[in-house]
Amino acid sequence: MRKLFFYMMLLLFVTDFVFGADSIIQKPVQTPKDRSIQVYTSSGKLCYIPTFSLGADNGSYIGILNCSLKEARAARYDVFGRIGFYINNIWQCITAPDSVATYDRWIADYVYLRPCVINDSRQKWKIKNRIFYSLDESYSIQDDGSYLYAVHRVAKNLKQHKLTPSMNEWMDTIAIPGNISIITSLSWELSTKEGSERYFLYNDASQKNTTPLYYNLDRGYIAQYNSLAGILYCMYSNVGSNDWNWISWGKCSDSKPKEKDKPFWNPISISENKFAFEDKDGNILRVTGYGAHWGVPYAVKPTFLPEDTGKSQTSEFLTDKDFRELRRFINANVGANLESCPAGGHNLQRRLKQSPWFPSNFELSPEWIHRLYAISQTTAGASVGVGATPASSGFCGTCLLHSYQMIAELLENPYQTRPSGGYFFNTAAHTNPFISFRERHSILHDTLADISEYINRPLSTVGDAFYRTLDRAYAGSISMLPQYEWDLFGRVDRAAEVDTLLSRLFNADAGRIYLATYVRTGASGSGFAVHAMVLLRTNNGVIAIPTNIQTTLEAFTQSLTPARNADELHLALERAGSFSQRREVLGLGIFEVRGIHENEFESMISVRDCTGEGEGRRGNTLIPLPELLNQCISGRCF
């Protein structure tokens with residue numbers, strides 16, 4: 001037996017050594033063991049009784065009564081550490097009051113129910129010695145014989161209670177969550193003579209006070225909560241065959257429909273902190289800034305947008321940080337850009353992430369030149385035929401897709417190139433890169449198309465083209481490579497100012513990488529066109545790396561000679577794509593990779609089948625849904 005044990009352990013060691021970080025043990029979330037919560041109290045065995053009441057400060061309370069009562073509802077202790085009851089077809093969780101959890105003003109206050117979300121620490125509970133505690137153990141759930149409280153310390157007339165042995169299986173089950181929702185807000189800005197005013201969307205109006213809304217990732221609903229009745233009212237789109245129609249609010253639930261329905265909204269990133277929202281039919285959420293119905297939400301067909309003017313209408317909505325981070329996490333997962341798999345959860349030291357900057361003495365080796373050349377040659381050249389995959393993903397033309405792949409691979413490992421394949425698409429000369437991009441990352445491909453369809457406003461001037469290009473590039477960058485911090489290094493919309501912006505690059509530290517997007521004159525000398533390429537700051541100057549070009553390796557290598565000043569770099573931008581022809585740069589925007597982006601959702605949402613493409617490229621390329629989650633390394637994902 002000892003020899004057998006020794007060989008088994010040796011096999012495990014060798015397997016882990018050979019396969020390294022790709023040998024990942026993944027534990028799916030478990031089948032729920034929902035049941036009423038039974039505890040020992042000073043009055044014997046009693047159960048938690050969730051109740052809605054006009055007399056309760058927060059619209060509800062948790063009583064503690066005889067377990068034989070039908071009101072002793074089944075509860076779930078899920079992977080996120082939430083204690084949830086399925087009431088009115090909504091998952092509603094035990095929530096600690098701000099007076100105890102946040103402000104620490106009171107020793108004790110009533111716990112109550114709110115829709116279950118993953119971004120409210122007041123809904124997360126750990127079990128220690130069979131007692132429910134907050135994650136930091138600063139308060140626990142206690143009772144006075146009738147009601148439940150969150151209690152900081154021992155309080156007069158309040159007593160601790162413990163889960164009975166009948167709860168053992170319930171306690172040990174790391175259950176599938178009933179939903180993946182967050183609490184957030186939606187607001188919009190109105191420009192006035194005095195500056196800018198911000199209004200929050202709520203019901204059929206807008207107001208200056210922050211108002212909580214609930215966004216459900218699985219169903220796509222945006223809802224407000226009636227705390228007295230324990231009911232969610234979702235935002236319904238009613239455009240139908242009309243050009244536009246008012247939004248209505250109706251009852252909704254956490255039950256999953258067979259297909260997208262009227263409460264469904266798709267968020268589209270359009271800048272660092274702004275989103276547009278489309279319903280299931282592609283109609284756009286909108287408000288007016290003035291008039292009898294100012295601030296009342298409505299939805300409009302995209303074809304009607306050119307006529308919907310004159311009252312400071314907007315489709316751009318501000319969200320809070322958690323909403324933005326959740327969308328960024330989703331993009332990281334669908335692009336296989338997560339740091340680790342499974343997620344760490346609590347009590348786990350995050351490993352130090354590598355800086356995105358290169359060593360100050362970094363230079364392009366012959367291997368890197370060949371690799372970048374292979375990327376730049378993966379282009380269909382002429383327009384593809386009818387029925388073929390177009391050489392774009394919405395706005396993301398070949399030059400921009402090439403730029404993202406170059407930046408991704410250079411940052412992934414500056415010391416070693418990929419022999420084949422590619423970060424987003426497979427390299428192959430004279431081939432449309434979007435074919436393999438869509439096959440490998442279909443959701444990411446569609447995300448970029450969504451960005452384009454919203455931002456694709458009519459172009460009438462060079463300024464329109466320039467600022468649309470900047471919008472697309474920023475929204476695309478945080479979607480394609482969300483693990484990095486992207487900052488606008490600078491932008492100029494006049495040809496005379498281009499050299500001033502380029503000069504700043506030569507004052508930057510060596511080892512920095514940039515995405516340049518710009519508008520220039522058309523190939524015929526008239527009109528205008530947009531282009532994107534990568535800029536790499538080295539000790540010897542700035543290298544402009546060509547994209548979407550069919551040329552020889554010798555000519556490509558020659559083009560990588562570092563520019564020593566703004567004039568030389570300006571010339572490289574003018575000649576990009578056609579080394580023999582100069583095209584005037586009319587507007588230029590430069591985005592810089594400033595650092596690693598830390599996303600808290602990476603430690604709390606653990607997706608199934610997340611091996612991805614290896615170390616640092618984790619993810620399952622799917623939208624994270626409750627039934628597609630893993631346990632965290634720590635078990636529950638606090």
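The values are calculated or read from the model by the stated rules, or taken from the named source; none is laboratory data. The structure displayed is predicted, hence computed values, not measured ones. In this analysis, Cβ positions are derived from the backbone assuming ideal geometry, glycine residues included, and neighbour counts consider all displayed protein chains.
The table below lists the values:
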read-out	value
Residues satisfying the stated conditions in region 603-620, i.e. out of contact with any Leu (no Cβ under 6 Å at 6 or more places or on another chain) and either without any contact (Cβ under 8 Å) to a residue 40 or more places away in the chain or under 26 Å from Y514 (Cα atoms) (or both)	E613, G614, E615, G616, R617
Flag for R520 being farther than 19 Å from A408 by Cβ and of a type in the set (K, R)	yes
Residues located in region 205-223, provided they are within 25 Å of S60 (Cβ to Cβ) and either surrounded by fewer than 18 Cβ atoms within 10 Å (Cβ to Cβ) or in contact with a His (Cβ under 7 Å, 6 or more places away or on another chain) (or both)	Q207, N209, T210, T211, P212
Filter pass, T41 being in contact with a His (Cβ under 6 Å, 6 or more places away or on another chain), surrounded by fewer than 21 Cβ atoms within 10 Å (Cβ to Cβ), among the hydroxyl-bearing types (S, T, Y) and farther than 30 Å from L625 by Cβ	yes
Checking N539 against (1) in contact with a Pro (Cβ under 9 Å, 6 or more places away or on another chain); (2) more than 20 Å from L411 (Cα to Cα), the condition it does not meet	(2)
Pair list, Cβ under 6 Å, 6 or more apart: region 419-431 residue without any contact (Cβ under 8 Å) to a residue 60 or more places away in the chain, other residue buried (at least 16 other Cβ atoms within 10 Å of the Cβ) and assigned to a loop (DSSP other than H, G, I, E, B)	T427/T378; A428/T378; A429/Q377; T431/T378
Qualifying position, being within 30 Å of S255 (Cβ to Cβ), at pLDDT 95 or above and in contact with a helix residue (DSSP H, G or I) (Cβ under 6 Å, 6 or more places away or on another chain), among C47, C93, C116, C67	C93
Neighbours by Cβ (under 8 Å, 6+ apart or cross-chain): first from region 542-557, at positive phi; second among the hydrophobic types (A, V, I, L, M, F, W, C) and buried (at least 19 other Cβ atoms within 10 Å of the Cβ)	N548/C399
Counted residues, region 92-113 - those being surrounded by fewer than 23 Cβ atoms within 10 Å (Cβ to Cβ) and of a type outside the set (D, E)	10
Some residue of region 322-344 being assigned to a loop (DSSP other than H, G, I, E, B) and more than 19 Å from the chain's Cα centre (by Cα)	no
Criterion violated by N179 - all others in (1) farther than 30 Å from H293 by Cα; (2) surrounded by fewer than 20 Cβ atoms within 10 Å (Cβ to Cβ); (3) of a type in the set (S, T, N, Q) satisfied	(2)
Matching residues in region 298-312 - criterion: being outside any helix (DSSP H, G or I) and touching a residue at least 60 places away in the same chain (Cβ under 8 Å)	A299, V300, K301, D308, S312
Qualifying residues in region 593-607 (those that are surrounded by fewer than 19 Cβ atoms within 10 Å (Cβ to Cβ) and more than 17 Å from the chain's Cα centre (by Cα)) - the one farthest from N333 (Cα to Cα)	R594
Within region 224-248, tally of residues that are surrounded by fewer than 17 Cβ atoms within 10 Å (Cβ to Cβ), in contact with a strand residue (DSSP E or B) (Cβ under 6 Å, 6 or more places away or on another chain) and under 29 Å from A56 (Cβ atoms)	1
Members of region 115-129 found to be over 11 Å from F80 (Cβ atoms) and in contact with a Pro (Cβ under 9 Å, 6 or more places away or on another chain), listed by number	R122
In region 437-451, the residues that are modelled with pLDDT of 90 or more and small (G, A, S)	S442
Residue within region 532-549 that is touching a helix residue (DSSP H, G or I) at 6+ places or on another chain (Cβ under 8 Å), of a type in the set (G, A, S) and surrounded by fewer than 21 Cβ atoms within 10 Å (Cβ to Cβ) present	yes
Residue that is modelled with the lowest pLDDT, among those in region 202-223 that are in a strand (DSSP E or B) and over 22 Å from the mean Cα position of the chain (by Cα)	Y202
Set K280, K260, K251: member being within 22 Å of the chain's Cα centre (by Cα) and farther than 26 Å from R468 by Cβ	K260
The listed residue being in a helix (DSSP H, G or I), at pLDDT 60 or above and either polar (S, T, N, Q) or crowded, with 20+ Cβ neighbours inside 10 Å (or both), out of Y404, Y423	Y404
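For every residue, the table says whether it meets (1) modelled with pLDDT under 90; (2) buried (at least 20 other Cβ atoms within 10 Å of the Cβ); (3) part of a helix (DSSP H, G or I).
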site	(1), (2), (3)
S355	yes, no, no
W368	no, yes, yes
V386	yes, no, no
T417	no, no, no
